[in-house]
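One structure is given below, encoded as structure tokens.
Every read-out reported here was derived from the displayed coordinates using simple, explicitly stated rules and does not represent laboratory data. Remember, it's a predicted structure, so these values are computed and weren't measured experimentally. Quick reminder, even Gly has a Cβ in these numbers, built from the backbone with ideal geometry, and neighbours come from all protein chains shown.
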Amino acid sequence: MAHGSSGLRRVVRELAKFGAVGGAGLLVNLGVFNLVRHLTDLQVVRASVIATVVAIAFNYVGFRYFTYRDRDKSGRTKEMTLFLLFSAVGLVIENGLLFAATYGFGWDSPLQSNVFKFVGIGIATLFRFWSYRTWVFRALPTQEAVAAVAGPESFLTVTEQSRKPEPRAGTRVG
């Protein structure tokens, strides 16, 4: 049972870090959205797409170097490609809802636009959390994850210990 509770603690910790980065990204997204809407004559969905792209860049840095810093770093090109792919799907979810509210129902006041943008971000965030943790920022095997968090010296120690041969049956150790 202890193993299960440590796994639950790990997911809760990951969710909290994801939420911290995502919360900051939410502020960036809504801030840029409202700034672009206030300072330009761009249509609401175009302003939203610009804000989402800025937030995606902000979030990548936060996820890679804070939330998932202990995850596999060996395939950065693949990681970035998958991150951008799943972020694009999230962008479509987020802005598709805003598009439907704005052009399908005519809900285009600043308050309505912010509410539907916020709801779209929420739905897209559920998808992003699942996809990022499952496909983008893949977990390392346990021994490597401990070494990645502890630092390079402990990785060398772990690696050296794992290379020691096992004593053979019938051989005296000591």
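Packing, as the average of other Cβ atoms within 10 Å across residues, places the peptides 69-77, 21-29 in the order 21-29, 69-77, highest first.
What the phi angles of the stretch 41-58 give under the Karplus curve with 6.51, -1.76 and 1.60, with θ = phi - 60°, is a coupling list of 9, 5, 5, 4, 6, 5, 4, 5, 4, 4, 4, 5, 5, 4, 5, 4, 4, 4 Hz, glycine and proline written as x.
Phi-derived couplings, Karplus 6.51 cos²θ - 1.76 cosθ + 1.60 at θ = phi - 60°, listed residue by residue for the stretch 78-94: 5, 4, 5, 4, 5, 4, 5, 4, 5, 5, 5, 4, x, 4, 5, 4, 4 Hz, with x used for Gly and Pro. With neighbour counts taken as other beta-carbon atoms within 10 Å, the residues Thr81, Thr67, Thr125 rank, fewest first, as Thr81, Thr125, Thr67. Around Asn95, under 15 Å between beta carbons, what's the net of Lys plus Arg minus Asp minus Glu among the other residues? Every neighbour counted, the sum reads +2. Measuring how big the stretch 1-129 is from its alpha-carbon positions, Rg and Dmax come out at 16.4, 58 Å.
Compared with the alpha-carbon gap, the fully stretched path from Phe118 to Thr81 is longer by 10.8 nm at 0.36 nm per residue.
Extending 7 Å from the Cα toward the beta-carbon at both Val89 and Thr134 defines two label points whose distance is 0.7 nm.
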